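Here it is, the structure in full.
The values are calculated or read from the model by the stated rules, or taken from the named source; none is laboratory data. Predicted, not measured: the structure shown is a model, and the values here were computed from it. Here the Cβ positions follow ideal geometry from the backbone for every residue, glycine too, while neighbour counts run over all protein chains shown. For the accessible areas, the whole protein counts, side chains as well, though only heavy atoms, and no ligand, DNA or RNA atoms are used. Shrake-Rupley method; radii C 1.70, N 1.55, O 1.52, S 1.80 Å.
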Amino acid sequence: MKKRLTATFLMLSLLVATAFLFTACEEDDGKGYIFGYNISSNPSSLDPQCANDRQSFLLIGTLFEGLLKCDNDGNIVPAGAESYIVSEDKLTYTFKLHENRYWTDANDFSEKVTANDYVYGFQRLFSPETRAPGAEDFYCIKNSEKITKKQMDVSQLGVKAVSDYELVITLDYPDSSFLMLLTTAPAMPCNEKYFLASQGKYGLTDKTTPSNGAFYLKSWSYDPWSDDNNNLILRYNEKYNEHNEVYPLGLNFFIEDTDGFLEDFYSGTSQNILLDGKKAEQLIKEGYSYEEYSTVTYGIMMNTKDSIFKDSMMRYALLYATDNSDLSLPFGFEKANGVVPYEVSDGKTIYREFAGNTPAVKPDSIKASSSYRKASENISKDELYSVTIIAVEGRDEELINSAQDIFQQWQAKLGFFCTIEYLSESAYNSAIQSGNYTLALARVTGEFNNPQSYLKNFTSSGYKYSSMDSSYQNLLQNAINALSVEESYEECKKAENKLLCDGRFIPVAYATEYFFSDKDCADVFYDPFSGAIDYTKAIYKD
């Protein structure tokens with residue numbers, strides 16, 4: 001209860017401050033409010049070039065502004081750039097930058113954002129010392145891959161500042177996703193002077209995290225051994241407000257277990273919440289406004305590097321033994337036979353309809369038994385009888401209950417058993433990243449709206465302990481280089497079928513997520529792909 005009282009007291013004190021600042025308004029226009037939102041774990045880093053988790057991306061999208069952004073209708077529009085030109089061969093991108101964009105932070109740092117900040121950001125992205133998880137996505141930029149592999153100096157990178165406010169990016173090959181990539185975290189600018197002064201703590205504390213976006217980070221408190229006062233407090237950026245009015249006074253992000261999310265939403269500590277399953281159904285029945293998105297695929301993922309599933313026969317055994325056609329699924333879930341969910345579209349063609357939604361491999365008890373016998377010859381009984389599937393506590397219980405039908409099929413057809421272990425989200429992510437698991441209920445998402453974004457999870461830059469071979473990566477590269485949507489989708493379809501036939505990922509369900517808003521809250525926009533929330537024009541009217 002202490003945690004709730006602390007959060008509520010913080011909210012009330014901030015509301016008092018807000019009321020004081022806006023007493024001059026005769027009529028409540030909904031501006032000047034401080035919004036709250038719950039996140040389930042502490043962001044690993046607010047360094048855009050190093051971040052690799054959804055909580056970090058959510059905060060980075062609020063603190064930083066790149067050359068381009070996705071607007072609330074999903075269109076790519078200028079942001080830090082005033083305008084841009086793309087050459088006919090789609091290899092040269094020239095950006096004219098706004099001259100009234102500024103850096104700020106909790107220590108009142110103030111300096112203009114220039115083209116050199118974007119150059120330095122990309123140089124850091126490809127520097128071998130950074131080990132940036134998102135670097136590979138940008139290998140279309142001239143010489144970037146060679147720089148990352150220490151085959152060329154960073155000065156040869158195809159990102160150049162022509163002047164303080166003109167930037168030119170040159171590519172080695174056309175990439176149909178490049179403009180969209182420029183809206184993501186790795187493409188954010190970085191002020192070199194600020195970065196060097198942070199002495200290795202860039203993006204890790206409230207004192208060493210800058211902002212060039214609508215909000216800046218005022219404070220960041222996190223104690224992993226305590227439930228009290230774990231939060232990130234953001235306030236509106238006055239310099240940003242001068243050219244693009246920011247309606248809220250600030251944002252409070254509370255870090256806590258998912259069990260408390262719904263309580264905080266009901267109490268008014270948070271004004272928005274993302275839910276699926278029965279909890280979402282409950283809020284819908286209670287009349288809360290929401291937007292719904294089918295952008296998540298759940299499936300059973302196998303560790304193919306350090307477990308019994310190195311053996312393809314073992315993977316085939318479970319694959320052929322799985323029949324999800326009669327699964328009884330929770331509210332908002334439907335049977336999945338692919339990796340890419342239904343929301344993914346170029347605006348005209350839905351990828352799932354193009355690729356189809358029939359099983360790539362049909363259940364076959366004879367093939368399952370045969371594969372299992374062959375695999376068992378090379379696997380010790382200790383390994384075989386100690387398999388655990390990990391899932392996230394507070395998030396995955398409903399779906400795991402449905403997946404019990406699959407586990408029972410494995411038991412009945414093969415004599416294969418597995419136990420379930422629920423972990424906190426941070427512990428789960430650590431297990432996936434370190435390879436310390438055998439089976440996992442995986443929640444597959446994409447950073448942006450194309451099938452490659454989902455399929456790249458199964459490359460060395462994604463789920464590296466369940467990554468496919470180079471031929472799979474080549475298909476995804478072909479999709480990137482394709483000259484039409486149909487050609488790109490066809491290459492993705494080949495890659496997806498290759499993945500599904502390999503057996504390292506067995507689709508279970510497509511999930512519909514629901515983004516709810518408090519009844520007095522309006523104009524908060526959620527991006528289901530990146531997880532970013534745009535509060536810039538949000539209002540709250542009591």
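Name the single residue, out of those in the range 401-419 being outside any helix (DSSP H, G or I) and among the hydrophobic types (A, V, I, L, M, F, W, C), that is most open to solvent (accessible area, probe 1.4 Å).
Once the filter is applied, the top-ranked residue is Phe417.
Take the range 45-74 and flag every residue that is among the charged types (D, E, K, R) and under 24 Å from Ile169 (Cα atoms).
Of everything in the range 45-74, those that are among the charged types (D, E, K, R) and under 24 Å from Ile169 (Cα atoms) turn out to be Asp47, Glu65, Lys69, Asp71.
Filter the range 308-325 for residues that are surrounded by fewer than 18 Cβ atoms within 10 Å (Cβ to Cβ) and part of a loop (DSSP other than H, G, I, E, B); which is modelled with the highest pLDDT?
Only one residue fits best here, namely Asp323.
On to the next question. Step by step: first the residues of the range 266-290, then only those that are touching an Asp or Glu at 6+ places or on another chain (Cβ under 9 Å) and over 26 Å from Asn401 (Cα atoms), then the one that is surrounded by the fewest Cβ atoms within 10 Å (Cβ to Cβ). Which residue is that?
Across the range 266-290, the extreme among qualifying residues is Ser289.
While we're looking at this one, here's another question. Does Ser211 qualify as being closer than 29 Å to Val392 by Cβ, in contact with a helix residue (DSSP H, G or I) (Cβ under 6 Å, 6 or more places away or on another chain), polar (S, T, N, Q) and touching a residue at least 60 places away in the same chain (Cβ under 8 Å)?
no
Ok, one more. Hey, any hits in the range 94-117 for a residue that's in contact with a Cys (Cβ under 8 Å, 6 or more places away or on another chain) and surrounded by 15 or more Cβ atoms within 10 Å (Cβ to Cβ)? Working first, answer last.
At the first step, the residues of the range 94-117 found to be in contact with a Cys (Cβ under 8 Å, 6 or more places away or on another chain) are 117.
With the extra rule that they be surrounded by 15 or more Cβ atoms within 10 Å (Cβ to Cβ), the set shrinks to 117.
Taking every residue of the range 94-117 in turn, at least one turns out to be in contact with a Cys (Cβ under 8 Å, 6 or more places away or on another chain) and surrounded by 15 or more Cβ atoms within 10 Å (Cβ to Cβ).
Now, a different point. Over 26 Å from the mean Cα position of the chain (by Cα), small (Gly, Ala, Ser) and open to solvent by less than 10 Å² (accessible area, probe 1.4 Å): does that describe Gly213?
No, not satisfied.
Please enumerate the residues belonging to the range 47-106 that are assigned to a strand (DSSP E or B), over 26 Å from the mean Cα position of the chain (by Cα) and not aromatic (Phe, Trp, Tyr).
Once the filter is applied, which keeps residues that are assigned to a strand (DSSP E or B), over 26 Å from the mean Cα position of the chain (by Cα) and not aromatic (Phe, Trp, Tyr), the range 47-106 yields Glu82, Ser83, Ile85, Val86, Thr92, Thr94, Lys96, Leu97.
Also: Among what's in the range 291-307 and is open to solvent by 10 Å² or more (accessible area, probe 1.4 Å) and not polar (S, T, N, Q), pick the residue that is modelled with the lowest pLDDT.
Asp306
Any chance you could count how many residues in the range 480-499 are polar (S, T, N, Q) and touching a helix residue (DSSP H, G or I) at 6+ places or on another chain (Cβ under 7 Å)?
Count: 1.
Also, I was wondering about something else. Six or more apart or on different chains, Cβ atoms under 6 Å: show the pairs whose first residue is in the range 18-42 and of a type in the set (Ser, Thr, Tyr) and crowded, with 20+ Cβ neighbours inside 10 Å and whose second is at pLDDT 90 or above and in a loop (DSSP other than H, G, I, E, B).
Filtered contacts from the range 18-42: Tyr33/Pro248; Tyr37/Ser270.
Let me ask something else about it. Condition first: charged (D, E, K, R), part of a helix (DSSP H, G or I), more than 29 Å from Ala482 (Cβ to Cβ) and out of contact with any Ser or Thr (no Cβ under 7 Å at 6 or more places or on another chain). Now tell me which residues in the range 110-143 satisfy that.
Within the range 110-143, Asp117 is the sole residue that qualifies.
Counting just the residues of the range 326-371 that are farther than 30 Å from Glu291 by Cβ and not in a helix (DSSP H, G or I), which one comes out most open to solvent (accessible area, probe 1.4 Å)?
Per the criteria, the residue is Lys362.
Can you name the residue in the range 407-427 that is over 23 Å from Tyr385 (Cβ atoms) and hydroxyl-bearing (Ser, Thr, Tyr) and, of all such residues, is modelled with the lowest pLDDT?
Ser426
Filter the range 380-400 for residues that are touching a residue at least 24 places away in the same chain (Cβ under 8 Å) and open to solvent by 80 Å² or more (accessible area, probe 1.4 Å); which is nearest to the chain's Cα centre (by Cα)?
My answer is Glu393.
Of the numbered conditions (1) out of contact with any strand residue (DSSP E or B) (no Cβ under 8 Å at 6 or more places or on another chain); (2) buried (at least 18 other Cβ atoms within 10 Å of the Cβ); (3) farther than 30 Å from Asp259 by Cβ, Glu447 fails exactly one; give the number of that condition.
Condition not satisfied by Glu447: (3).
For Leu441, which of the numbered conditions (1) surrounded by 17 or more Cβ atoms within 10 Å (Cβ to Cβ); (2) in contact (Cβ under 8 Å) with a residue 60 or more places away in the chain; (3) part of a helix (DSSP H, G or I) fails to hold?
Unmet for Leu441, out of (1) surrounded by 17 or more Cβ atoms within 10 Å (Cβ to Cβ); (2) in contact (Cβ under 8 Å) with a residue 60 or more places away in the chain; (3) part of a helix (DSSP H, G or I): (3).
Within the range 476-488, work out how many residues are part of a helix (DSSP H, G or I), more than 16 Å from Gly446 (Cα to Cα) and open to solvent by 30 Å² or more (accessible area, probe 1.4 Å).
Just the residues of the range 476-488 that are part of a helix (DSSP H, G or I), to begin with: 476-481, 485-488.
Checking which are more than 16 Å from Gly446 (Cα to Cα) leaves us with 477-478, 481, 485-488.
Filter once more, keeping what is open to solvent by 30 Å² or more (accessible area, probe 1.4 Å): 477-478, 481, 485-487.
The total comes to 6.
On to the next question. Regarding the range 517-528, can at least one residue be identified that is hydrophobic (A, V, I, L, M, F, W, C) and within 18 Å of Ser177 (Cα to Cα)?
Filtering the range 517-528 for residues hydrophobic (A, V, I, L, M, F, W, C) gives 521-522, 524-525.
Narrowing the set further to residues that are within 18 Å of Ser177 (Cα to Cα) leaves none.
Within the range 517-528, not a single residue is hydrophobic (A, V, I, L, M, F, W, C) and within 18 Å of Ser177 (Cα to Cα).
Do you know which residues across the range 460-479 are closer than 18 Å to Pro186 by Cα and either modelled with pLDDT of 90 or more or out of contact with any helix residue (DSSP H, G or I) (no Cβ under 7 Å at 6 or more places or on another chain) (or both)? Outline the logic, then answer.
Looking only at the range 460-479, we keep the residues that are closer than 18 Å to Pro186 by Cα, and these are 460-462.
Of everything in the range 460-479, just one residue is closer than 18 Å to Pro186 by Cα and either modelled with pLDDT of 90 or more or out of contact with any helix residue (DSSP H, G or I) (no Cβ under 7 Å at 6 or more places or on another chain) (or both), namely Ser460.
Would you point out which residue out of Tyr465, Tyr422 is open to solvent by 40 Å² or more (accessible area, probe 1.4 Å) and assigned to a strand (DSSP E or B)?
After applying the criteria, what remains is Tyr422.
Given the residues Lys146, Lys142, which is the only one that is more than 28 Å from Phe215 (Cα to Cα), without any contact (Cβ under 8 Å) to a residue 24 or more places away in the chain, open to solvent by 60 Å² or more (accessible area, probe 1.4 Å) and of a type in the set (D, E, K, R)?
Details: Lys142 fails: without any contact (Cβ under 8 Å) to a residue 24 or more places away in the chain.
Within the list Lys146, Lys142, the selection yields Lys146.
Given the conditions (1) part of a helix (DSSP H, G or I); (2) open to solvent by 30 Å² or more (accessible area, probe 1.4 Å), which single one is not true for Ala431?
Condition (2) is where Ala431 drops out.
So which residues in the range 327-355 are in contact with a helix residue (DSSP H, G or I) (Cβ under 8 Å, 6 or more places away or on another chain) and on the phi > 0 side of the Ramachandran plot?
Of everything in the range 327-355, just one residue is in contact with a helix residue (DSSP H, G or I) (Cβ under 8 Å, 6 or more places away or on another chain) and on the phi > 0 side of the Ramachandran plot, namely Gly332.
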